[in-house]
Amino acid sequence: MCDRPEPETPSPRFLSLRTPSSRHLHTPCSIFRRVDAFDESQEGSVVSEGLTISEAATSTTRSTTATFGTDDDGYKTVNDYAYITQLGQGAYGKVKLVRHIPTDEYYAMKILNKRRLSRVRTGPGQTALDDVHREIAIMQTLDHPNVVRLHEVIDDPSCKKIYLIMDYVEDGPVWNVGEESVPVSKIRKYLVGMCEGLDYLHSNNIVHRDIKPGNILVDADDNVRLCDFGVSQVLNAADDLVRDSAGTPAFLSPEQCKSQPLRGDMVDLWALGVTLYCMTFGRIPFGEPASPRKGMTDAICAGASFEGCPDPELKDLLQLLLHVDPEERIGRKDGVREILRHPFICAEEQPQPYAGRTSYPCALREKISQARFISCSGGEPTACASV
């Protein structure tokens, strides 16, 4: 058989390995789950059609054969990776901590059921499996210290599962529902990393579209990493307009709640503001986790309360990020860089621009309009899901 069960409990050799605590493995409430919205009434009416991606820009390895076995400690393996323990589980698969046997390094492996994904319709002529292909195509172009990197894809046509091997980020989300607020000094440090990661994405015309605490992870060096590009888009320009409500309900902007167009980069900045609010106050700004969707939408459109904010400059930044009027929001002129120039950050920090690449090395913009995603399962080229 191609697919074999994985062990759930690590052997004694790995008991001292630093893994996320139970606070990082909880099942989030419904408003913190992403909604991959598709409204047939809007078919063909999207302001920006988006683009598809051509080829890998980093050294992501692609394997079309999955070989299963057991390592010296009795752990099940797929190719060069030994399953250690489970880190999380979703509707379409699991995330496992794995050890790369040749290097003894640890990674997070997302294991997705292709058959199940292929039955879920997410758009006209598109399925959830197409969305995974799009996520792969985007992630293999990314190379930045504040973005989780995709290292390898294992997609054997004879297997019902696809395996994505990514950075293992040890300390989990920057904040979880039910936790206390984050210290202001830590918020400032993390915000710089979030902004630098988003600036990198936006400079390459990528909008994340699902920014929230659960998709901003903290590594062992206390640096933040953006992850989960399942609903991300590549646009003609980062300030192109989008208007669908894909994403997580509690982090949608007033314009998205009303199905109005909004600049792609501003979608991310609004969600960044909600994330910052959660970290500052220890609660979501618009209602309670169990709030009905309609009640939350009304609260989003009415605006947030900033009473009790522990820092006046942080309060000013939050008010600018979460202003109900999009014309009054910070970022409308110069995107993320406006946030990096705000006194809350520049009074204490002097963030330096990322010294790495600011554009894709494969001349992505020149190739992107005619690009196709080549399935690693072989066969004829197939169009990637429209992004």
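The values are calculated or read from the model by the stated rules, or taken from the named source; none is laboratory data. Values in this document were obtained by computation on a predicted structure and should not be read as measured data. Cβ coordinates were reconstructed from backbone atoms using ideal geometry, including for glycine residues, and neighbour counts include every protein chain displayed.
What to note about this one:
- Of the numbered criteria (1) of a type outside the set (S, T, Y); (2) buried (at least 19 other Cβ atoms within 10 Å of the Cβ); (3) more than 28 Å from G172 (Cβ to Cβ), the one Q319 fails is (2).
- Among the residues listed as R357, R332, the single one being of a type in the set (K, R), assigned to a loop (DSSP other than H, G, I, E, B), at negative phi and modelled with pLDDT of 70 or more: R332
- D228 being without any contact (Cβ under 8 Å) to a residue 12 or more places away in the chain and in a loop (DSSP other than H, G, I, E, B): no
- Boolean, L164 is closer than 18 Å to G335 by Cα and touching a residue at least 40 places away in the same chain (Cβ under 8 Å): no
- Residues that are surrounded by 24 or more Cβ atoms within 10 Å (Cβ to Cβ) and either at pLDDT 95 or above or over 16 Å from the mean Cα position of the chain (by Cα) (or both) within region 243-262 comprise S253, Q256, listed in sequence order.
- Summed over region 167-208, residues that are over 23 Å from T60 (Cα atoms), charged (D, E, K, R) and touching a Gly at 6+ places or on another chain (Cβ under 9 Å) total 2.
For (1) among the aliphatic types (A, V, I, L, M); (2) farther than 23 Å from H342 by Cα; (3) buried (at least 19 other Cβ atoms within 10 Å of the Cβ); (4) modelled with pLDDT under 95, each residue gets a yes or a no:
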{"site": "E170", "(1), (2), (3), (4)": "no, yes, no, yes"}
{"site": "P183", "(1), (2), (3), (4)": "no, no, no, no"}
{"site": "I211", "(1), (2), (3), (4)": "yes, no, yes, no"}
{"site": "I216", "(1), (2), (3), (4)": "yes, no, yes, no"}
{"site": "D222", "(1), (2), (3), (4)": "no, no, no, no"}
{"site": "R225", "(1), (2), (3), (4)": "no, no, yes, no"}
{"site": "D228", "(1), (2), (3), (4)": "no, yes, yes, yes"}
{"site": "S232", "(1), (2), (3), (4)": "no, yes, yes, yes"}
{"site": "N236", "(1), (2), (3), (4)": "no, yes, no, yes"}
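- For region 158-187, a residue qualifies if it is out of contact with any helix residue (DSSP H, G or I) (no Cβ under 8 Å at 6 or more places or on another chain) and small (G, A, S), and the qualifying residues are S158, G178, S185.
Per-residue answers, yes or no, for (1) at positive phi; (2) crowded, with 18+ Cβ neighbours inside 10 Å:
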residue	(1), (2)
T60	no, yes
G74	yes, no
Q89	no, no
H100	no, no
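- Residues satisfying the criterion are absent from region 144-157 (criterion: part of a loop (DSSP other than H, G, I, E, B), at pLDDT below 95 and within 15 Å of S232 (Cα to Cα)).
- Within region 269-327, if we keep just the residues that are basic (K, R) and in a helix (DSSP H, G or I), the residue that is modelled with the highest pLDDT turns out to be K315.
- Per the conditions (1) in contact (Cβ under 8 Å) with a residue 12 or more places away in the chain; (2) closer than 20 Å to V267 by Cβ, the sole criterion not satisfied by D325 is (1).
- Top-ranked residue of region 166-221 - restricted to ones that are farther than 21 Å from D143 by Cβ, in a loop (DSSP other than H, G, I, E, B) and of a type in the set (D, E, K, R), ranked as farthest from the chain's Cα centre (by Cα): E180
- All positions within region 136-155 that are under 24 Å from N113 (Cβ atoms), among the charged types (D, E, K, R) and either touching a His at 6+ places or on another chain (Cβ under 6 Å) or surrounded by fewer than 22 Cβ atoms within 10 Å (Cβ to Cβ) (or both): R149, E152
- Tally, over region 87-114, of residues that are within 23 Å of H133 (Cα to Cα) and touching a strand residue (DSSP E or B) at 6+ places or on another chain (Cβ under 8 Å): 18
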